[in-house]
Amino acid sequence: MKTSFKDYTLGMIRSSGMKIDDVCALAGISKPTLYRRLSDPDRIDRQTIRMLHKHCGMSYEELIERK
């Protein structure tokens with residue numbers, strides 16, 4: 001069974017040593033907004049994708065493939 005985009009991304013964030021609060025601060029969004037965007041990957045903006053790529057080590061390919 002394929003892991004959901006939200007679960008995969010949250011796992012990558014945690015494995016990078018970051019906390020959800022750190023990610024929200026870097027992206028300039030609240031926790032509910034982050035969780036809402038991760039639940040519906042089509043709502044993720046470019047800024048959040050860049051931040052995940054830069055700070056969490058996720059490649060653009062991983063982000064797009066998992067969507």
What pairs come up if the first residue lies in segment 38-58 and is open to solvent by less than 60 Å² (accessible area, probe 1.4 Å), the second is modelled with pLDDT of 85 or more and assigned to a loop (DSSP other than H, G, I, E, B), and their beta carbons are under 7 Å apart, counting only those six or more places apart or on different chains?
Cys56/Ser16; Cys56/Met18; Gly57/Ser16
Which condition from (1) within 11 Å of the chain's Cα centre (by Cα); (2) modelled with pLDDT of 85 or more; (3) open to solvent by 30 Å² or more (accessible area, probe 1.4 Å); (4) not β-branched (Val, Ile, Thr) is the one that Leu34 breaks?
(3)
For segment 31-67, which positions are of a type in the set (Val, Ile, Thr), out of contact with any Leu (no Cβ under 6 Å at 6 or more places or on another chain) and assigned to a helix (DSSP H, G or I)?
Thr33, Thr48, Ile64
Tally time: how many residues in segment 16-31 are surrounded by 12 or more Cβ atoms within 10 Å (Cβ to Cβ) and not aliphatic (A, V, I, L, M)?
3
Taking segment 1-15, which residues are open to solvent by less than 80 Å² (accessible area, probe 1.4 Å) and touching a helix residue (DSSP H, G or I) at 6+ places or on another chain (Cβ under 9 Å)?
Thr3, Ser4, Phe5, Lys6, Tyr8, Thr9, Leu10, Met12, Ile13
Give the residues of segment 4-28 that are touching a residue at least 40 places away in the same chain (Cβ under 8 Å), polar (S, T, N, Q) and out of contact with any Cys (no Cβ under 6 Å at 6 or more places or on another chain), sorted by residue number.
Thr9
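The values are calculated or read from the model by the stated rules, or taken from the named source; none is laboratory data. This is a predicted model, so every value here is computed, not measured. Cβ coordinates were reconstructed from backbone atoms using ideal geometry, including for glycine residues, and neighbour counts include every protein chain displayed. Note: accessible area is taken over every heavy atom of the protein model, side chains too, but ligands, DNA and RNA are not part of it. Shrake-Rupley method; radii C 1.70, N 1.55, O 1.52, S 1.80 Å.
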